[in-house]
1. Applying the Karplus parametrisation 6.51 cos²θ - 1.76 cosθ + 1.60 with θ = phi - 60° to the phi angles of the range A:202-212, what ³J(HN,Hα) value in whole Hz is obtained for each residue in order, glycine and proline being reported as x?
2. How high is the relative contact order of the range A:3-52, given as a whole-number percent (alpha carbon pairs under 8 Å, six or more residues apart)?
3. What list do you get for A:67, B:184, A:7, A:247 if you sort them by fewest beta carbons within 10 Å?
4. Residue-wise, which Karplus ³J(HN,Hα) couplings in Hz belong to the range B:170-187, taking 6.51 cos²θ - 1.76 cosθ + 1.60, θ = phi - 60°, and x for glycine or proline?
5. So for A:222, A:33, B:226, fewest C-beta neighbours within 10 Å to most, what's the order?
6. To make sure I understand, if each residue's beta carbon is the centre and we count other beta carbons within 10 Å, what order do A:35, B:193, B:112, A:5 fall in, fewest to most?
Amino acid sequence: MTGSCAEWDLLLHGYADGELDAANALRLEQHLRECAGCSAELRRIQALKQAIAQDQVPWPASPALRERVTAALAREASLRTSSPATAKSPLLSRLFDYARRWSLVPSMAVLAAGVFLMLARPETGMSLQDELVASHVRSMLANHLTDVETSDQHTVKPWFNGKIDFSPPVVDLANRGFPLVGGRVDYIGGRVVAALIYRRNGHVINVFIWPSMTASNATTEREGYNLINWTQAELSFWLVSDLNAVELKEFREDFAEAAPK
Amino acid sequence: MPGTSRWSDTTGWLRSWLAVISQAAILPAGAGASSARGKAATARPPAESAARFRDIILPHLDAAHNLARFLSGDATAAEDIVQEAYLRAFRAFGEFRGGSSKAWILTIVRNCHLNWRAEQRRRSNVEPLEGLPFTDDLSPEDSGIAERADLPRDEITPETILVQRMEADEVRLVLAGLPEAFRETLVLRELECLSYREISDVTSIPIGTVMSRLARARAIFATAWRQRLDAGKKPR
C-alpha cells in the first residue's frame, strides 16, 4: 500500500468486516483490481482476523460460574416475588414505597422536558450550542483539528465517504480569503456529524454539518465565540469561530453561495 | 436511643439512594427513556419475565465472561464482574427495549468492569497506568504506541502471519498486552462478532472512531505479534 492509498485504509477494514455499503464496496473492489498494495493489505487484515478469531482464544464461562450466576438470579427472583420490604426498617420501607409510587412523576417530567427541548431546537437549543462551542474548543486544545488535513476539497469530500451517512458539501473558498484546512468526523447532539475546518488569518472556523429537515436560522455569541446557523439543501450548518461576527457572516454568505442549494 | 436510630435510618436512606444512582450509571444509555414503564415492570418481574431473561440474556454468559476476562485480565475478578453484571441486568431487564441483547448485556459488563477498576484504584491509591483519559485514537502522533504501530507496513507481510500460525494461547497473550481501548475493540469485533454499530453502542464512541480504532488496533496487534516472533527466534 502506497502513501496515496491512505484514504482506502479504513475502507479496507470495513470491507474485511463486511460493513461497507454496496456503493463503497464496489468502488473498493474496482480499486483492488488496480492496486497490488491494497490487495496485499486486505489479505493481511483477513489473515489477522482469522488468527485472532480462533476457537480457543475466547474465555468461556466455567461451569462453576454458570451455576453461581443461575443461583444468584434464582435468589434474586424469589426475593422479588416475596415481600420486598421484609428486611428493611419500617421508615425505610415507607420511604421506598413512597419513592416507588412517585418515581413515575419525575420520570414523566424529565421525559416531557426532554421532548420539549428536542422540539424547541435549535432556537432555544442551549445545550446544542454549548456542545458546538465545546467541540470547537476541544478540536483546538487536543491539537486534533483535522482527521484529514489538506487544502484540496477533492481529497476532503471522498474522505467522508463511508464515515458518515450523508455527503457534506466541501467548497473551496481560498480565493475569498478562507483557505480549507481539512475535515473531521465529530459527535454532536447524539449523532455523528461532519466538521470542515477553514482558516482566516490565524482564526479557525469549524463548520459542523448534518442532515436536517427543519429550516433554522440563528446568529448568536457564546463564551466569546460567534455562532451562525442556517439550513440549505436539507442540511443544517453551524459555524463556530472566534472570528469577528462581520467576517464570519461574510464567510457564511460565501459558503452558502458556493454550496449546492 | 431514638436519636441514633433516626440518624442511622437517614444515612441508610442516603446510601440506598447512592446505590440507585450508581445503578443508573451502569445501565446502557437510552434505557432511561422507558424508565417510567420499566420501573413498573421491574418492581416485581413476573415469572415470564424471568423466563424471558433466561432465554435471551443468559445465553450470552460466555460472551460476558470473555469480555470481562479480557478487560480485567484477572480470572477471579472476571467472574465477580459477570455475576454483578447479570444481577444488575436482571433487575433492569424491564428497561431492555429490544435490539441486540448481546450488546445490552456487554454494555453492562463493561460498566461493571469500569466500576471494579475504579474500586481497585481507590484501594491501592496508586496512580494508574491506564487512568489517563483515552483520546488519542485519531491522532496517532502523540502516543508512543503509534510509533510501534507505524512501522513500515511491508515488514508485516500476510505471508509472515499465514506461515507462522499463531497458537491460541499466544493470541491471548498478545491481546492482553494491548492498551485497553484497542483490546476491547478487537475482542468485541473479532471474538464477539459485534457490528460497528453495536460496538459503538457498547463503548459509547462514534462509529467513525470505532472504525479508526479497529484499524489501529489491528496494526498494533500485528506489530506486537511480529515482535513476539522476533523475540522467539533469538536464542535464550
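Just so it is clear, none of the values below were taken in a lab; they were calculated from the coordinates. In this text the structure is predicted, and so the values were computed from the model without any measurement. Every residue, glycine as well, gets a Cβ built from its backbone with ideal geometry; the counts of neighbours run over all protein chains shown.
1. x, 8, 9, 10, 9, 10, 8, 9, 7, x, 8
2. That works out to 40 percent.
3. A:67, A:7, A:247, B:184
4. 5, 4, 4, 5, 5, 4, 4, x, 6, x, 3, 4, 6, 4, 4, 5, 5, 4
5. Taking fewest neighbouring Cβ atoms as first place, the list is A:33, A:222, B:226.
6. Ascending Cβ contact count within 10 Å gives the list B:193, A:5, A:35, B:112.
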